[in-house]
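As structure tokens, the structure follows; a few thoughts come after it.
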Amino acid sequence: MEIAYYKDQFLTDVNEGVVPIQERGHQFGDGIYEVVRVYNKKPFMLEEHLDRFEQSAEAIALKLPYSRDELKEIIMEGIERSEEQNVDVYFQLTRGIAPRLHFYPDTQAVLSLVVKPSKPLAEDKKRDGVAVHVMDDERWSNCYIKSLNLLPNVMAKQAAFEKGCDEAILIRDEFVTEGSSSNLFVVKDGTLYTTPATRHILHGITRKAVFILAERLQIPMKEEHFTLEFLKDADEAFITSTTSEVLPIKKVDDVNLPTHLTITHRLQKEFKTLY
Ligand code: PDD
């Protein structure tokens, strides 16, 4: 069963709430969001997600209608209301409800939240990896903001899907940025490489978790820009996200990557110790 919350209250049914026509979230995509995974009723790296949520809000001059503790209480109540142990919590904040004018209105921001059972990834994908499709990164220059405006991401993901792939890998100015809904890591000669946390990527929480694990496992790490050729020449590569955790890449368009995934599998195993 899915649990839903909109504008200060929990709903009895996820389909019950009718969002007002003039909600800026759906008229302008004027808002921000987060996705948090919950393992055994415990939200994973919640403080980090809330930090990023606050940073995204500040970046678009959105005033949070709740204190951090109040927001946590709403999230925890959503988790408690679910019958499931392992869920994903999606929450978003929009600039509220006002007649459609581009200027920021003088309204209260509106929070909505959905709690739904986590969907485990197929075991063969977790073990052997997924295929990815490479595309131009057509997004704006503020990808560090977790904005509701996801049209380029949605289009890239769909294009990848139509090529039989699970993810689109994006290229900006000759360098790989990230996936349409994930960050990207390459392993080369025992060192882990990932794109630096600039404005051109989302600063992933799972990416952060991998940094912690790499340090613990004494795997050298470099935050460096790299090209598509470097990715295709990888010893191992993987994507990370809240819902994919650490997921190997087995194929980059027509290029098969090596099948020995020593470091990726070690990170996957160690990841479980974090929750
Ligand atoms: N997406 N990059 C992009 C563009 C993303 O949309 C995401 C996550 C990530 C990984 O971030 P994190 O590790 O914090 O989940 C990187 C979420 C899961 C989504 O939109 O559903």
Contact order relative to length for the chain, counting C-alpha pairs under 8 Å separated by 6 or more residues, stands in percent at 18 percent
In the range 123-274, carbon and sulfur make up what percent of the accessible area (probe 1.4 Å)? 51 percent
Just to confirm a number: summing +1 for Lys and Arg and -1 for Asp and Glu over residues other than Trp140 whose beta-carbon lies under 12 angstrom from that of Trp140, what do you get? +1
What does the accessible area per residue of the range 3-117 come to in Å², with a 1.4 Å probe and no ligands, DNA or RNA counted? 52 Å²
Quick one: divide the alpha-carbon radius of gyration of the range 130-275 by 2.2 N^0.38 Å and tell me what you get. 0.96
Would you mind computing the Rg to Rh ratio of the range 147-193 from its alpha-carbon coordinates, Kirkwood style for Rh? 1.05
Using only the alpha carbons of the range 3-117, determine the length spanned along each of the three principal axes and report them from longest to shortest in whole angstroms. 43, 31, 19
Taking amide hydrogens as modeled 1.01 Å from N in the peptide plane, which residues meet the under 5 Å criterion relative to Ile201, leaving out close sequence neighbours? Cys143, Tyr144
Under Karplus coefficients 6.51, -1.76 and 1.60, residue-wise ³J(HN,Hα) of the range 42-56 in Hz, glycine/proline x: 10, x, 7, 6, 4, 4, 5, 5, 5, 4, 5, 4, 5, 5, 5
Hey, what do the phi angles of the range 230-239 turn into as Karplus ³J(HN,Hα) couplings, whole Hz, using 6.51/-1.76/1.60 and θ = phi - 60°, x for Gly and Pro? 4, 5, 5, 9, 5, 7, 8, 8, 8, 10
Could you compute the FRET efficiency for Ile60 and Ile21, with r as their C-beta to C-beta distance and R0 at 25 Å, rounded to 0.05? 0.70
Residues listed by number, the range 227-243, amide nitrogen under 15 Å from His260 label point at 7 Å toward C-beta: 234-237
From the phi of every residue in the range 109-118, what ³J(HN,Hα) in whole Hz does the Karplus formula 6.51 cos²θ - 1.76 cosθ + 1.60 yield, where θ is phi - 60° and glycine or proline is x? 5, 10, 9, 10, 8, 10, 10, 9, x, 5
Nearest-ten-degree value, helix 68-81 long axis tilted from longest Cα axis of the chain: 80 degrees
Would you calculate the volume per residue, in Å³, of the smallest convex hull containing every Cα atom of the range 66-177? 176 Å³
On a 0 to 90° scale, report how tilted helix 262-271 is relative to the longest principal axis of the chain, with both axes built from alpha carbons and the result rounded to the nearest 10. 30 degrees
Percentage of Cα-Cα pair distances in the chain greater than 24 Å, rounded to whole percent? 52 percent
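The values are calculated or read from the model by the stated rules, or taken from the named source; none is laboratory data. Since this is a predicted model, take the numbers as computed values, not measurements. Here Cβ is always computed from backbone atoms with ideal geometry, including for glycine, and neighbour counts include all displayed protein chains. Only protein heavy atoms, including side chains, enter the accessible area calculation; ligands, DNA and RNA are left aside. Shrake-Rupley method; radii C 1.70, N 1.55, O 1.52, S 1.80 Å.
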